[in-house]
Amino acid sequence: MAVQFSEAALKEYEEIVTRYPDKKATLLPALWLAQREFGYVSDEVLEYIAQLVGMPAVKVYEVAEFYTMFHKKKPGKYHLQLCQTISCYLRGAEDLRSYIQETLQVLPGETSADGLFSFQLVECLGSCHTAPVIKINDEYYDSLTVEKLDAIIRHLKKNSSGEDHGV
Ligand code: FES
């Protein structure tokens, strides 16, 4: 098998196993660990995890497919998750979506040509009172307007200038 955890990740996984009565119950933490270790959970990684937790690969695929927080493809340096559920929708999420698609030239599920931004539409991010909301990597940005999002995107691009992306 081509992919496998580093020694440190494997040790971490073994520690996780001690907290559960059954190895199969470690599936979600194992997937989290795999995403942190490999950056995303490719088919190859999912097969590795299936062997590790002792489950059929198809079940592991189903779980990874169900949860939007697991990336099946390599994400951009900045992964944008735009909430499209009702509160955000009513407060301008569609305008934010249009801005992202036009400015970054990415459709949902895609990564920008420079590898800097990937874009995903997600269901409620749990911050409806500050709608509309976008999550960029682990940060929440709320009460957004197109102008605010534009400033954030410009800032992220500026922060990345001089790096490999050439933006
Ligand atoms: S509806 Fe968007 S955060 Fe809940």
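Helix 7-17 axis versus longest C-alpha principal axis of the chain: approximately 80°, rounded to the nearest ten.
Compute, for the stretch 65-167, the length of the dipole vector about the Cα centre, with Cβ point charges of +1 (Lys, Arg) and -1 (Asp, Glu) only. Units Debye, rounded to 20.
Numbers: 11 positive and 14 negative charges, 23 e Å.
Roughly 120 debye, rounded to the nearest 20.
Which residue, Ser143, Val122, Leu27, has the largest displacement toward the positive end of the dipole of the chain when charges sit on each Cβ (Lys, Arg +1; Asp, Glu -1)? The residue sitting farthest along the positive end of the dipole is Ser143. In this structure, the amide hydrogen of Thr85, modeled 1.01 Å from its nitrogen in the peptide plane, lies closer than 5 angstrom to those of Cys124, counting only residues at least 5 positions away or on a different chain. In the elastic network of the chain, a GNM with C-alpha springs shorter than 10 Å, the most mobile of Gln51, Gln120, Gln35 is Gln51.
Backbone geometry of the stretch 106-112 corresponds, through the Karplus equation with coefficients 6.51, -1.76 and 1.60 at θ = phi - 60°, to 3J(HN,Hα) couplings of 10, 9, x, x, 10, 10, 5 Hz, x marking Gly and Pro. Only helices enter this figure: runs of n ≥ 4 DSSP H residues, each worth -39500 (n - 2.57), summed and divided by the residues of the chain, yield -13500 deg cm²/dmol at 222 nm to the nearest 500.
Cα centroids of the stretch 80-94 and the stretch 1-69: 31 Å apart. Backbone geometry of the stretch 149-155 corresponds, through the Karplus equation with coefficients 6.51, -1.76 and 1.60 at θ = phi - 60°, to 3J(HN,Hα) couplings of 5, 4, 5, 5, 4, 4, 4 Hz, x marking Gly and Pro. Across the stretch 36-167, the volume of the C-alpha convex hull divided among the residues equals 111 Å³ per residue. Taking amide H as placed 1.01 Å from N in the peptide plane, the amide H of Phe119 sits under 5 Å from that of Leu80, Gly109, Glu110, each at least 5 places away or on another chain. Between the helical axis of 93-104 and the longest alpha-carbon principal axis of the chain there is an angle of about 90 degrees. Beta bridges per DSSP, both residues in the chain: antiparallel share near 55 percent.
Relative to the dominant Cα principal axis of the chain, helix 57-66 is inclined by about 20°.
Values in this text are rule-based calculations from the coordinates and carry no lab data. On a predicted model such as this, the values are computed, not experimentally measured, just so you know. Here the Cβ is made from the backbone with ideal geometry for all residues, glycine too, and neighbour counts use every protein chain on show.
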